[in-house]
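Structure first, commentary second.
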Amino acid sequence: MQVAAHQESVRSIDADAVVIALPSDDTWPQPTVELNEASGGVIGRLVESGEFKPKVGETMLLYGLAGVSARVTCVVGVGSLEDRDAGVAFRAAAAAAKRLAGHQRHRVAYCWGPGWNGDLCENGIAGAFVGCHGQDIHRRERRLHPFETLLWENGDRLEEGRALGESLNFCRDLVNGAPSDINPEGFVEAVVPLASEAGIVTEIWDEQRLAEERCGALLAVARGSDAPPRLMKLQYRGDASAQRPAMTLVGKGVTFDSGGYSIKPSDGMKTMKCDMAGAATVVGTLLAIARWKLPLRVDGVVGLVENLVSGRAYKLGDVLHARNGTTIEVLNTDAEGRLVLADALDVAAADRPERLVDLATLTGACMVALGTDTAGLFANDDTWCDQIMRAAGRAGEPVWKMPMFDFYGEQLRSQVADLKNIGEGRWGGAIVAAKFLENFVADIPWVHIDIAGPSFLDRAKSWIDAGGTACLVRTLVETARDLALTA
Ligand SMILES: [Zn+2]
């Protein structure tokens with residue numbers, strides 16, 4: 001999809017379709033006023049009749065409006081202009097794109113008037129890329145068609161928008177890929193070419209290296225599968241003088257989770273290709289940061305395994321030796337993500353980054369607590385957590401901070417080892433999991449983000465197809481930009 005700026009009138013621009021913004025306020029942007037007048041008041045009547053409610057992401061298509069040269073007009077709700085932010089730009093632009101992408105279109109012009117530039121332009125264009133791209137990557141003929149050219153009125157951050165949009169879609173493709181394709185090796189093969197093209201250095205640890213590095217927890221989870229595990233380190237050096245990473249992103253990459261001997265029911269396994277969404281988020285974020293050439297050093301570490309059942313699989317009662325020396329009694333083989341992260345976090349911590357973030361589809365308990373749209377944040381450092389929360393606010397991604405009182409950790413006491421890998425009962429399971437991870441981050445400021453809810457949609461939303469969402473990528477790119485500015 002080509003991206004370009006335009007300054008033309010909504011009435012006469014050479015395009016197959018124009019997109020106009022309809023706010024809930026009384027004052028409309030100039031192109032909306034102009035189109036309404038040219039068409040003899042069609043938009044006004046739509047609103048007065050209650051036929052169209054200008055909520056963010058609501059869309060309506062109008063055909064062959066008088067006085068408008070584009071054949072199709074897409075009206076998209078943008079809510080109150082006072083609340084306009086990057087999240088609104090992203091969702092509204094994505095919804096319009098998704099609506100229009102049902103047919104092949106050559107030129108689509110967004111005519112939203114003044115104010116939709118800077119990070120709003122960036123996120124709007126990224127949204128258009130996401131809206132035009134579905135989960136049907138294996139269909140002979142896809143249902144959504146990206147435009148040949150996307151035009152954005154007074155667009156000033158076009159290439160940043162495209163880079164962000166393409167990084168989001170790559171993250172979604174990784175999640176949406178079939179689990180036998182995107183197994184640990186398949187994940188690495190998909191990522192390495194794009195990473196090196198973006199200037200990211202990658203280092204891949206195979207089984208032998210993982211054994212030499214004493215990653216006993218990660219290796220135990222992987223043992224039940226014929227697909228060998230991998231650990232991938234990614235390094236983006238946007239600041240050549242930095243001695244250590246400004247932040248390191250760590251991702252859970254369980255490319256398929258059967259639950260192991262604590263096996264999941266078939267229904268619970270249907271979407272378990274998405275259990276590597278944390279790893280995909282790390283990759284998507286690093287790609288965007290590198291493509292934007294942000295002036296800071298950011299590293300990534302992803303632990304890639306398949307959790308299956310076989311004669312070699314790890315068992316309940318097994319005691320694992322994690323890389324940092326902690327022994328872990330396994331009492332549930334479906335609590336495997338924290339075992340993979342235990343070693344991945346320790347690998348990341350060994351390079352002494354200034355800050356750590358990990359992303360994981362870690363617990364169903366987090367979805368019970370917060371629902372499917374909100375990510376849970378757990379931290380050992382309030383300043384770092386608040387910085388990410390502010391970035392999430394600017395990006396318009398819902399996150400919520402959870403408590404980390406010490407007593408939650410008492411549930412992880414084992415009779416035979418330093419820790420066991422599950423708590424005592426059902427309550428507070430997302431927090432207990434976070435307390436487990438806290439044992440592996442040394443004293444580095446750290447935030448754990450549980451994305452079990454928002455990383456994968458069972459049903460489409462107006463602005464995005466079902467499947468992988470690439471949630472938190474925009475938040476973490478925004479966090480990196482913030483770090484680069486304040487460094
Ligand atoms: Zn599991």
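Annotations
- Centroid-to-centroid, using Cα positions, segment 59-84 and segment 166-201 are 36 Å apart.
- The alpha-carbon of Lys420 sits under 18 angstrom from the alpha-carbons of these aspartates and glutamates, leaving out residues fewer than 8 places away in its chain: Asp318, Glu329, Asp334, Glu336, Asp343, Asp346, Asp406, Glu410, Glu438.
- Take 434-440, 336-342 and order them by the average number of nearby Cβ atoms within 10 Å per residue, most first; the result is 336-342, 434-440.
- Using alpha-carbon coordinates, inclination of helix 158-176 to the longest axis of the chain, degrees: 50
- Peptides 210-218, 170-178 ranked from most to least packed by the mean count of surrounding Cβ atoms within 10 Å: 170-178, 210-218.
- Of interest is the spacing of the C-alpha centroids, which for segment 203-233 and segment 298-317 amounts to 8 Å.
- Across Lys252/Lys401; Lys233/Lys293; Lys55/Lys401; Lys270/Lys435, pairs whose alpha-carbon gap is larger than 24 Å: Lys55/Lys401; Lys270/Lys435
- Global geometry of segment 1-85, whether rounded, prolate or oblate, following the gyration tensor of its Cα atoms and the 1.5 cut on a/c: oblate
- Secondary-structure-derived ellipticity at 222 nm for the chain, considering helices only, amounts to -10500 deg cm²/dmol, per-run term -39500 (n - 2.57) for DSSP H runs with n ≥ 4.
- Exposure proxy shown here: for Phe256, Phe407, Phe129, the number of other Cβ atoms within 10 Å sets the order, fewest to most, as Phe407, Phe256, Phe129.
- C-alpha long axis of helix 337-350 to longest principal axis of the chain, angle in °: 90
- Mean projected area of the convex hull spanned by the Cα atoms of the chain, taken over all viewing directions: 22.6 nm².
- Of all DSSP-defined beta bridges confined to the chain, some 40% are antiparallel rather than parallel.
- Computed magnitude of the charge dipole of the chain (debye, nearest 20; Cβ of K, R +1, Cβ of D, E -1): 700
- Over segment 165-486, Cα pairs under 8 Å with separation of 6+ residues give a relative contact order of 22 percent.
- Alpha carbon centroid spacing (whole Å) that separates segment 341-379 from segment 101-157: 31
- Cα gyration tensor category, rounded, prolate or oblate, for segment 2-156 with a/c compared to 1.5: rounded
- Neighbour-count order for Tyr314, Tyr236, Tyr261, fewest beta carbons within 10 angstrom listed first: Tyr261, Tyr314, Tyr236
- Footprinting exposure proxy for Val319, Val301 (fewest neighbouring C-beta atoms within 10 Å first): Val319, Val301
- Segment 110-255: relative contact order as a whole-number percent, Cα under 8 Å and 6+ apart: 22
- Between helix 119-131 and the chain there is an angle of about 80 degrees, using the helix long axis and the longest principal axis of the Cα atoms.
A short reminder: the numbers here are calculations on the coordinates, not readings from a lab. Predicted model only: the values in this text are computed from it and were never measured. Counting neighbours? That spans all protein chains shown, and the Cβs are built from the backbone with ideal geometry, glycine included.
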